[in-house]
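J.: After the C-alpha cells below, expect a handful of questions from me.
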Amino acid sequence: MNHPTSLLSRIYRAKYFRKSTFLEAKAFPSSSYAWRSIVQTQPLINKGAKWVIGNGLSVRVWKDNWLQGDCAFPPIGPRAEIYPMMTVKDLFLSGTRMWDIAKIRRLVRAEDVPRILQIRPSETGQQDILCWRLGTSGTYTVKTGYQLQRTMDLEAQTTQLSSHSQDRSYCFPFFLGWRIWKARNKLVFENKRDHITQIVNAAVMDSKIWKEALTQNKETEQTDIEAVATKCNFSFRHAPRNLLDVVDKLVKDARIGNKPYVITWLNSSAILCKCIIFLRLFHIL
C-alpha cells in the first residue's frame, strides 16, 4: 500500500481493485490462493493502521482511519452523505495547508474537531502515509500483529458471550457450564484439551437448539397440546435415593395443584439435565 508503483502492487491493482483501495478489495472463488490469503488480513490492517496526513490528497474524510483515539477512526458528521468522497485536502484553507476551522466545525461533530486541529499537515506537501499505529517505528511487525489479532479474537468471544448470556431464553450460562465440565473431563480422562473457542461455540450452538425447541414447544401449546402430549402422574416415593427419586422431586415441584403433569420432549429433556446436576451434587452419578 505504501509502494503503489511496485510491480506486485500494479499487478494486483490491475486485476483485483482497479476502482477501489486495497482495504476495500474483495476476493472471489476464482481469485488466486495468494490473493485470497492477502484479503483475509484486511480486518487486522483496518484495526491497526492509521493515516498520517501529508498533503491530504489520498485520505478520504469519512471512510479512512486518520483520527487517533483508543483506535484510529474516521470522523462523523452530518454532511458525510452529501460529500461522500471528500478528501482531507478539502478541509484546508484554499491554497494553504492550514485547517479551515469554520468549515470543519460546520461539517464534523463537535467532539472530533479538537482531534482534527491537533494534526499538523505536511508543510512540504509530502504524500499521505499509511502507518502501523501499534509500533514506535510505524512499521508492521509480526509481534504487534499477533497481539492485535489475539485482542480482536478475545473481543469477539466476549461480545458473543455477553449477547447470549443476557438472553435468558437461551439458557446460555447453563450450556456454557456444561461444556466446560465436559472439556474438563476430556482433559482429565483423555488428556485432550479443547480450545476456549470450541467450548464457547459449542455452548452457543446448544443454546440455539434449545431456543428453537422452546419456540416449537410454544407453537405446539398454542395449537392443541392435548393432541400431541401424553398426560400421566408420576410417583416414585418408595424408590431409593437415586435417579427415580430425583425425577419424582422435580416432577412434583413442577406440578400445579392437582393437575397432571404434561410430559413433552422439551420438559423431559430439561428434567434429565436437572437430574444429572442433582446427581453430581450428591455424588450419586
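J.: Considering region 185-197 alone, what residues qualify as being free of Cβ contacts under 8 Å to residues at least 12 places away in the same chain and surrounded by 12 or more Cβ atoms within 10 Å (Cβ to Cβ)?
T.: Lys186, Leu187, Asp194
J.: Scan region 145-163 and give yes if some residue there is at pLDDT below 85 and either in the same structural domain as Lys50 (by TED's automatic domain parsing) or over 16 Å from the mean Cα position of the chain (by Cα) (or both), otherwise no.
T.: No: region 145-163 contains no residue that is at pLDDT below 85 and either in the same structural domain as Lys50 (by TED's automatic domain parsing) or over 16 Å from the mean Cα position of the chain (by Cα) (or both).
J.: When the residues of region 89-138 are narrowed to those that are farther than 27 Å from Thr151 by Cβ and hydroxyl-bearing (Ser, Thr, Tyr), which ends up surrounded by the fewest Cβ atoms within 10 Å (Cβ to Cβ)?
T.: Ser94
J.: Out of everything in region 29-70 that is assigned to a loop (DSSP other than H, G, I, E, B) and under 22 Å from the mean Cα position of the chain (by Cα), what residue ends up being surrounded by the fewest Cβ atoms within 10 Å (Cβ to Cβ)?
T.: Asp70
J.: Additional query: Filter region 94-113 for residues that are out of contact with any helix residue (DSSP H, G or I) (no Cβ under 8 Å at 6 or more places or on another chain), closer than 19 Å to Trp51 by Cβ and in a helix (DSSP H, G or I) and give the result.
T.: Within region 94-113, just Asp112 meets the criteria.
J.: Could you list, in sequence order, all residues of region 75-93 that are within 18 Å of Asn55 (Cβ to Cβ) and modelled with pLDDT of 90 or more?
T.: Listed by number, the residues that qualify are Met86, Thr87, Val88, Lys89, Asp90, Leu91, Phe92, Leu93.
J.: Scan (1) part of a helix (DSSP H, G or I); (2) in contact with a strand residue (DSSP E or B) (Cβ under 8 Å, 6 or more places away or on another chain) for the single condition Met85 breaks and write down its number.
T.: Condition (1) is where Met85 drops out.
J.: Related question: Can you name every residue in region 67-109 that is among the aromatic types (Phe, Trp, Tyr) and in contact (Cβ under 8 Å) with a residue 24 or more places away in the chain?
T.: Within region 67-109, Tyr83, Phe92 meet the criteria.
The values are calculated or read from the model by the stated rules, or taken from the named source; none is laboratory data. None of the values given here were measured: they were computed from a predicted structure. Ideal geometry is used to build each Cβ from the backbone, glycine not excepted, and the neighbour counts take in all protein chains shown.
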